[in-house]
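All of the numbers you see were taken from the coordinates with simple rules; none came from a lab. Just so you know, these numbers come straight off a predicted model, no measurement behind them.
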Amino acid sequence: MANSRPWKVSIRPGRSSKSFGTLSAQDKKPNIFILAANEDVRNHILEICEKNNYHAVVATDLEDLVRQTKRPRSVIVLLDYEMVTSYGARIYSRINVGCPECSVILLCDQANREFIKEAMELGAYASILAPYEEWEVLTMIRNIITGRKRRRAKKSR
């Protein structure tokens with residue numbers, strides 16, 4: 001007897017069960033993109049996402065990210081400060097124009113904290129300081145998924 005319970009079907013994570021007429025849990029999750037120049041940071045964030053069943057995609061550069069994020073679903077972009085250094089502050093406007101619904105999380109270390117204020121003023125959702133603890137990354141992702149409001153800097157008059 002090959003399968004004594006034919007109603008129990010194993011579906012591999014990340015695969016869609018659209019043939020059953022409903023969306024799998026993976027289809028309801030946001031698309032997570034990592035745009036990080038630092039390979040160690042990129043691998044660390046990717047590992048955290050995979051370990052917690054979030055499918056993350058590494059974008060090779062800003063143009064690749066903008067091209068891939070032109071989708072109607074919610075998108076989370078984890079961006080390291082080295083990419084901001086490479087592209088300048090315009091990186092935020094390029095991401096926002098290409099994907100207005102994107103939530104950008106800046107990954108920054110203590111030595112480069114000056115990028116945080118700029119990121120928040122230019123529409124980033126939040127920032128996380130190194131060493132990028134798993135609970136911090138997951139908390140930010142979950143806050144975005146549950147629709148918690150962004151904290152925007154108040155403009156002075």
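Couple of notes before you dig in:
- Whole-Å distance, taken between Cα centres, linking segment 116-134 and segment 46-89: 14
- Contact order for segment 28-146, expressed relative to its length and based on alpha carbon pairs under 8 Å spaced 6+ residues apart, stands at 25 percent.
- q = 0.16, 0.17 Å⁻¹: log10 I(q)/I(0) that the Debye formula gives for segment 28-146, counting C-alpha atoms only: -0.66, -0.76
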